[in-house]
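Here's the structure we're looking at; comments come further down.
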Amino acid sequence: MFRADLFKGKRILVTGGGTGLGKAMAGRLMELGAELHICGRREGVLKDTAAELAGRTGGRIFTWPCDIRVAAAVDEMIGRIWQDHGPLDSLVNNAAGNFIAKTEDLSPRGFDAIANIVLHGSFYVTQATGKRWIAAGRGGSVVSIVTTWVWTGSAFVIPSAMSKAGIAAMTQSLAVEWGPKGIRLNAIAPGPFPTEGMTKRLAPTEELERRMIGAIPMRRVGNLEELANLAAFLLADDVGYITGEVIAIDGGQWLNGAGGFGALTELSDADWQQIRTAIEATNAKDRAQRTV
Ligand code: NAP
């Protein structure tokens with residue numbers, strides 16, 4: 001389905017599209033024919049990314065310096081996209097912030113710094129876009145980037161875990177509320193994809209990174225192309241019956257933590273032989289006792 005005209009004539013906004021995952025998704029959507037709009041707080045970063053992606057893909061891309069924590073600024077940005085270019089067809093809620101900290105040491109400002117971007121900001125952008133779709137009687141589709149912590153919670157990143165769970169709740173709630181209006185909402189829960197934002201703040205040392213990869217069943221981090229392909233898949237009209245879903249793309253990382261025996265993937269054949277011998281010895285003892 002990833003044909004070059006998949007998103008021909010489609011207009012898509014990617015928040016935080018100047019860097020990392022957002023940039024990768026913006027580039028892929030342009031390769032597939034979309035007109036791209038990206039926003040972020042740093043105008044220089046947005047302009048550099050736009051020039052790079054336009055040069056690489058030959059597609060059209062527009063930049064919007066905007067702080068999504070400010071509801072009025074978001075509404076103005078979305079209004080201007082509509083006025084100057086035309087209605088958006090899709091939205092990717094990707095902008096976020098995060099850092100690791102002991103929760104007892106977090107200040108209210110530290111909590112708000114994350115919740116204001118992730119929880120509040122994602123709502124402002126989604127609502128500003130959705131209300132225009134509804135007013136115009138047209139459909140649209142939203143993909144939000146969350147984390148697998150929406151299912152498990154996560155220690156040491158409480159503001160992010162709580163806010164991402166809120167986005168997952170928004171995705172499911174609005175899939176029902178706005179479904180009759182032709183608006184689809186889905187979310188992607190990525191595992192570790194190396195980006196500057198993720199690597200610097202979440203796996204800042206080699207030892208932490210090594211441990212993280214050891215806990216992933218596929219024993220590697222994700223490729224940005226894989227993530228961008230999943231976003232394109234979910235946004236495409238071709239899968240127009242999928243809504244309200246949160247889909248993990250994490251090499252099995254969260255399931256490994258969820259089952260109790262994930263660490264056993266580290267065992268050697270010799271370890272397994274020893275375990276088998278021990279189990280057989282226990283079974284033999286049980287049988288002997290039963291026959292007495
Ligand atoms: P990143 O490079 O730090 O991207 C975050 C982007 O959000 C930046 O472009 C940033 O631009 C923008 N942003 C932050 N605050 C903003 C605000 N107030 N208003 C507008 N834009 C804002 O990190 P990333 O790794 O690509 O993460 C992208 C998304 O993937 C996030 O939602 C993250 O939670 C999620 N995710 C990433 C991973 C991973 O392994 N990388 C794993 C799970 C989930 P400015 O600073 O210029 O505003």
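Each Cα pair under 8 Å and six or more residues apart adds its separation to the average, and for segment 1-70 the resulting relative contact order is 31 percent. Note on Val70 and Ala263: the model spin-label points, each 7 Å out from Cα along the C-beta direction, lie 4.9 nm apart. Across the chain, C-alpha contacts under 8 Å between residues 6 or more apart give a mean separation that, scaled by the residue count, equals a relative contact order of 17 percent. For Asn283 and Ser173, a Förster radius of 41 Å and the Cβ-Cβ distance give a FRET efficiency of 0.20, rounded to the nearest 0.05.
What order do you get for 148-154, 263-269 when each peptide is scored by the mean count of other beta carbon atoms within 10 Å, highest first?
Per-residue mean Cβ counts within 10 Å order the peptides as 148-154, 263-269.
The slack in the chain from Phe156 to Arg219, taken as 0.36 nm per residue of separation less the alpha-carbon distance, amounts to 20.4 nm.
Of the cross-linked pairs Lys23/Lys164; Lys8/Lys164; Lys8/Lys47; Lys10/Lys181; Lys102/Lys164, those separated by over 26 Å at the C-alpha level are Lys8/Lys164. The GNM of the chain, with springs linking C-alpha atoms under 10 angstrom apart, assigns the highest mean-square fluctuation among Asn94, Asn116, Asn256 to Asn256. For the pair Thr205 and Ala136, label points projected 7 Å from Cα toward Cβ lie 5.1 nm apart.
Taking Asp112, Asp84, Asp271 in turn, the Gaussian network model of the chain (Cα-Cα springs below 10 Å) assigns the largest fluctuation to Asp271. The residues packed around Met30, meaning those with a beta-carbon under 12 Å from its beta-carbon, carry a net charge of +4 if Lys and Arg are +1 and Asp and Glu are -1. Rounded to the nearest 500, the 222 nm mean residue ellipticity of the chain from helices alone is -15500 deg cm²/dmol, with -39,500 (n - 2.57) taken per DSSP H run of at least 4 residues.
Helix 158-177 and the long axis of the chain differ in direction by around 70°, with both axes built from C-alpha atoms. If the elastic network links every pair of Cα atoms under 10 Å, which of Asp105, Asp67, Asp250 fluctuates the most in the Gaussian network model of the chain? Taking springs between Cα atoms under 10 Å, the residue moving most is Asp105.
If you filter segment 217-292 for chymotrypsin sites (Phe, Trp or Tyr not before Pro), then keep DSSP loop positions with at most 12 other Cβ within 10 Å, what is left?
Tyr241, Phe261
Laboratory data are not the source of any read-out in this text; all were calculated from the coordinates shown. For clarity, every value in this text was computed on a predicted model and none was experimentally measured. Neighbour counts run over all protein chains shown; Cβ positions are idealised from the backbone, glycine included.
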